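The values are calculated or read from the model by the stated rules, or taken from the named source; none is laboratory data. All values reported here derive from a predicted model rather than from experimental measurement. Heads up, the Cβs are rebuilt from the backbone with ideal geometry, glycines too, and the neighbour counts pull from every protein chain shown.
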Amino acid sequence: MIIKGGIVYDPANGIFGEEMDLCVDEGRMAEDGKGEVIDARGLLVMPGGVDAHSHIAGTKVNTGRIMRPDDARLGIEPRSGVCRPCTGYTVPNCYAIGYRYARMGYTTAFEAATPIIEARHTHEELEEIPILDKGALTLFGTNWEVMECVRDKDIGKLAAYVAWGLRSARGYGVKIVNPGGGEAWGFGSNVKGPNDPVPNFDVTGAEIICGLAQANEMLRLPHSIHLHFNNLGKPGNYTTALETLELLKDIKPSRMRQVVHVAHMQFSAYGGTSWRDFESKAPVIADYFNSHNHATMDLGQLLFGSATTMTADAPLEYGNARLTHNKWSNHDIELEESSGVVPMVYFRKMLVNAVQWAIGLELALLTRDPWKVLMTTDHPNGSPFINYPEVITLLMSKPKRDAEMATLHEQLPKRTSLGGIERELDWTEIAIMTRAAPARILGLEDKGHFGPGADADISIYDLRPEEVDPSRDHALVKKALAAAKYTIKSGIVVSQKGQILAAPPGRTLR
Ligand SMILES: [Zn+2]
């Protein structure tokens, strides 16, 4: 296959919007090619999108589906062509996940939290998600064996356990969620920060995090530890974030990458002492990332409307349930982890929700290096992934942000710096945050770029970067991003103008 004349953004290879041809041979990028020609003259061409943090498979996703028949009805698409039937908006069924990511030009997505003992279910669902290459991060943060190794200061044994866990669960990397919190939750409590002792184990969250980080580097895993902080979702929690990041700054990475990837930073960049004086501390967090190189983050951007929160942070979900009086599920996984699911609606007129919305955008715009920030919504916690084009256009257009802010709570400008931020991201920065950086942060050498031998995952958008001004024409950009003109996965055209043409099975990376 030859893709002719596209305006190519491949920042990992130093290509920033150059007109060039791309060649594909046997599912991989090649120096030259023959056969099918795709005319991409003047159109935006990027590597297939890579989502490093999304909740797409496993028991908590399925619990969300079972809890929300209302949500299933929102996204019904009958069977047609190669497509099986689809349901759901915030918690789509397996088929919808594959098709909807592919329509937007995404070709890879990682499930962010799987307990070892429930990994079989996760893999059953991953197998059913068409088109995408997938992976699953394995939970280790509140695991009895982990805590015993940490208490005994036996990092070698801990590394052996992590290796066993990843192999047994067919996991890709080490996920840590509110370390110690799940164990405390078993006694109706929570840990208050990284230095709070975990009941019955004589360890702290800080020791668990550092122990797992050392074990991760001892194993030379492609990805760093992937961390959901203590105190997530609580006013004033930015200090917990900074304190935890400081713990890790002297750990030496065993590969050319970060030592810690912070999940959905938006939920941990909160100031104030209560929801009444709640405010953004995104500028402080962004400053920290600007002056340190051991950490990366994904946004966990929040958008207004329906969401379903689901996390291994069980005490957080108990709190969400008390706050919303909504449907609620909490779950304890013997010896390992816990989790919870609560449906949520984020309101434009609610000041707290407006500040949360602003924080994600501030983080992306105030962190200077786009290689440190991934665009995510922590699907479906902040918003379903189907709304990525809305996030991208907000990052690319100051007028769009201003227009949006004008409709929000009048107190908002006092609680966030967003109104004063002039920066508008360009296509290179978007290609980094949605393709090149997630691939590099995960350690996926064949993804997120067009070098020879890379996976031929390609998205071509019906958008002329040399003519369209995303600042002004944001509506046009959003429409183009929602349905790629072509999505090519491993050299096969899987989607064209929003229509799924082929649904090959993807791989599971482990
Ligand atoms: Zn998450």
Residue list for region 279-319, filter: within 20 Å of residue 432 (Cα to Cα), part of a loop (DSSP other than H, G, I, E, B) and more than 16 Å from the ligand (Cβ to nearest atom): 292, 293, 294
So residue 275 passes all but one of these: (1) modelled with pLDDT of 95 or more; (2) surrounded by 24 or more Cβ atoms within 10 Å (Cβ to Cβ). Which condition number does it fail? (2)
Output for region 364-417, where each listed residue is of a type outside the set (A, V, I, L, M), within 16 Å of the ligand (Cβ to nearest atom) and within 19 Å of residue 297 (Cα to Cα): 376, 377, 378, 379, 380, 381, 382, 383, 384, 385, 388
Subset tally (residues that are of a type in the set (Phe, Trp, Tyr) and farther than 24 Å from residue 113 by Cβ) for region 344-370: 1
Is there a residue in region 13-27 that is of a type outside the set (Ser, Thr, Tyr), closer than 28 Å to residue 508 by Cα, in contact with a strand residue (DSSP E or B) (Cβ under 9 Å, 6 or more places away or on another chain) and modelled with pLDDT under 95? no
Single residue of region 320-329 satisfying the filter (part of a helix (DSSP H, G or I) and without any contact (Cβ under 8 Å) to a residue 12 or more places away in the chain) that is nearest to the ligand (Cβ to nearest atom): 323
Residue 141: crowded, with 21+ Cβ neighbours inside 10 Å, small (Gly, Ala, Ser), closer than 24 Å to residue 382 by Cα and away from the ligand (no atom under 16 Å from the Cβ), yes or no? no
Conditions (1) surrounded by fewer than 20 Cβ atoms within 10 Å (Cβ to Cβ); (2) at pLDDT 95 or above; number of the one not met by residue 300: (1)
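Quick grid of which residues meet (1) acidic (Asp, Glu); (2) away from the ligand (no atom under 16 Å from the Cβ); (3) part of a loop (DSSP other than H, G, I, E, B):
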site: 33; (1), (2), (3): no, yes, yes
site: 38; (1), (2), (3): no, yes, no
site: 42; (1), (2), (3): no, yes, yes
site: 56; (1), (2), (3): no, no, yes
site: 64; (1), (2), (3): no, no, no
site: 71; (1), (2), (3): yes, yes, no
site: 91; (1), (2), (3): no, no, yes
site: 96; (1), (2), (3): no, yes, no
Can you tell me which residue within region 466-481, out of those that are closer than 16 Å to residue 6 by Cβ and not β-branched (Val, Ile, Thr), is nearest to the chain's Cα centre (by Cα)? 481
Filter result (hydrophobic (A, V, I, L, M, F, W, C) and either over 20 Å from residue 91 (Cβ atoms) or part of a strand (DSSP E or B) (or both)) within region 253-278: 256, 259, 260, 262, 265, 269, 275, 278
Condition test on residue 226, is it over 30 Å from residue 411 (Cα atoms) and touching a Ser or Thr at 6+ places or on another chain (Cβ under 6 Å)? no
